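No value in this document is a laboratory result; all are computed from the given coordinates. All of these numbers come straight from a predicted model, not from anything done at the bench. Note that each Cβ is placed from the backbone with ideal geometry, even for glycine, and that neighbours are counted across all protein chains shown.
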């Protein structure tokens, strides 16, 4: 075989090898797409359908914390931060008016912890974890009523733990729930709900989906509920 023929044969062999490599790479990419697309779609739909829903303020989901009359004409949705002083004031107004309005309203609490409050997200996690043991509102009340104590500390954890013990919660389960992705996702879903609804500061109160001014007294809150009932 001449040198020219030999060089041609070597060139053809290299071209054939390059073509086989190209075909192999294309097959690998195609196989990866076939495998990854269903996986991506599965993760997406798992998050879409099993994650906490992001609900508007006039709608209630099974994940929401609700108290009051189930058949009430008025839904009062509060977006709040446990470390927010104004939220403490509003929670006190609601508590003082509650006996008068509890049969006329459904109260929904949604988390809206602010980055400016160092313990707000942690407090929300403790409240959510307590809620998994049927004690959300009890923890809600303790966090707000003692806000001036724990909000100024270097570390509020011991106070939060003490409230959980006071409520006789299963502490091992509480700690699991505090760190769970489900708890974090619920808080984040509440925040996204508020952002979509137009919340810019806390507290934010919605009556039947309409943003209203924060009441400055129990009497004014009662008036607002009656006004919402009449349309």
**Message:** Looking only at region 70-104, how many residues end up being in a loop (DSSP other than H, G, I, E, B) and under 21 Å from the mean Cα position of the chain (by Cα)?
**Reply:** 4
**Asked** When region 60-69 is examined, which residues are found to be over 25 Å from residue 149 (Cβ atoms), under 21 Å from the mean Cα position of the chain (by Cα) and assigned to a strand (DSSP E or B)?
**Response** 66
**Item:** Every residue from region 197-215 that is in a loop (DSSP other than H, G, I, E, B) and surrounded by 12 or more Cβ atoms within 10 Å (Cβ to Cβ)
**Value:** 199, 201, 202, 203, 208, 209, 214, 215
**Item:** Search result, residues across region 164-178 that are touching a helix residue (DSSP H, G or I) at 6+ places or on another chain (Cβ under 8 Å), surrounded by fewer than 19 Cβ atoms within 10 Å (Cβ to Cβ) and assigned to a loop (DSSP other than H, G, I, E, B)
**Value:** 167
**Item:** Residue count for region 142-163, restricted to those that are under 23 Å from the mean Cα position of the chain (by Cα), touching a residue at least 12 places away in the same chain (Cβ under 8 Å) and surrounded by fewer than 18 Cβ atoms within 10 Å (Cβ to Cβ)
**Value:** 1
**Request:** Being touching a helix residue (DSSP H, G or I) at 6+ places or on another chain (Cβ under 7 Å) and part of a helix (DSSP H, G or I) is the filter; apply it to region 216-231 and report the residue that is surrounded by the most Cβ atoms within 10 Å (Cβ to Cβ).
**Result:** 221
